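Heads up: the structure comes next, in structure tokens.
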Amino acid sequence: MATVNQWIEGARPRTLPNAIAPVVVGTGAAAYVGDVVWWKAALALVVALALIVGVNFANDYSDGIRGTDDDRVGPLRLVGSGAASPGAVKTAALICLGIAAVAGVIVAVTTAWWLLAVGVLCLLGAWYYTGGSRPYGYSGFGEVAVFVFFGLVAVLGTQFVVAGEVDAVGLMCAVAIGCFSSAVLVANNLRDIPTDTESGKRTLAVRLGDQSTRTLFVILMAIPFLITLWVGAFTDWWALFGLLALPLGVVALRPVTSGAQGRALIPALATTGLAMLVWAIATGVAIGLS
């Protein structure tokens, strides 16, 4: 029977910046173009948090029953470690995704019905990342999905729900968050290249190889700060406060650019997530107030 701490670890709260950051900067972008409906921003946060936790439990379940977590370098997995039964983890995943669905329906019926279709796509993307007979996460499309769902959809969706419209600033913020989120996954998959290769997971990192994956990480980490300069130039110089996250970005780059392997790459994941959160808060507040 898994302990409370093990369930919390299974949810991997270190990935919560992937949920919080898009809503924060999306709300800031909404404030830049119009009035903010705060209760909708709160609901958007509920959707994002429930979805990301549900994704983690779903991945834990699907990877665990396939045996791909039997020799894991990274954080504890409930099924792979035997700390919880597959059925219990699957139930936890479905409960979280159900919460996201309910909150999403409320958002859709009070904003625009076509958002229901977007919500269905998000739920399917969450489950079939590692679930189903042909999970797309095993075929090298994980980073693309993360960029789309936790970048473009999450940020622009928040801006639209909260303010009723989207603009170029929101799009640039969405691209930045998408790059940060994808960088987290790239670092994770870089760490797991040896074990993923053995288990038959053809992640993007496995396909690209070690050195090209490190180059991709550097590019993804650079783009958000270039976008900061663009946003600062075309909105208000206060947006340059996004550069406060740059030192964290540099810290995240060090293990990757120095050739670190295995567990030595784990700090890159956490620091990249923290850099994303700091960037989102600094940028969101700056453009919102401007």
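Values computed for the structure shown
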item: Residue that is nearest to Pro267 (Cα to Cα), among those in the stretch 218-256 that are small (Gly, Ala, Ser) and crowded, with 17+ Cβ neighbours inside 10 Å; result: Ala252
item: Set Ala174, Ala187, Ala183: member being over 18 Å from Ala268 (Cα atoms), within 16 Å of the chain's Cα centre (by Cα) and assigned to a helix (DSSP H, G or I); result: Ala174
item: Any pair with Cβ under 6 angstrom, 6 or more apart, that starts in the stretch 119-131 at a residue that is closer than 17 Å to Phe147 by Cβ and ends at one that is part of a helix (DSSP H, G or I) and of a type in the set (Val, Ile, Thr); result: Ala126/Val55
item: Output for the stretch 107-118, where each listed residue is touching a residue at least 60 places away in the same chain (Cβ under 8 Å) and loosely packed, with under 15 Cβ neighbours inside 10 Å; result: Thr110
item: Residue selected from the stretch 257-290 under the condition hydroxyl-bearing (Ser, Thr, Tyr) and under 26 Å from Gly34 (Cβ atoms), by the criterion surrounded by the fewest Cβ atoms within 10 Å (Cβ to Cβ); result: Ser290
item: Check on Thr158, of a type in the set (Ser, Thr, Tyr), in a helix (DSSP H, G or I) and surrounded by fewer than 22 Cβ atoms within 10 Å (Cβ to Cβ); result: no
item: Check on Val105, under 24 Å from Val146 (Cα atoms), part of a helix (DSSP H, G or I) and at pLDDT 95 or above; result: yes
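The values are calculated or read from the model by the stated rules, or taken from the named source; none is laboratory data. Bear in mind the structure is a predicted one, so any value in this text is a computation, not a measurement. Here Cβ is always computed from backbone atoms with ideal geometry, including for glycine, and neighbour counts include all displayed protein chains.
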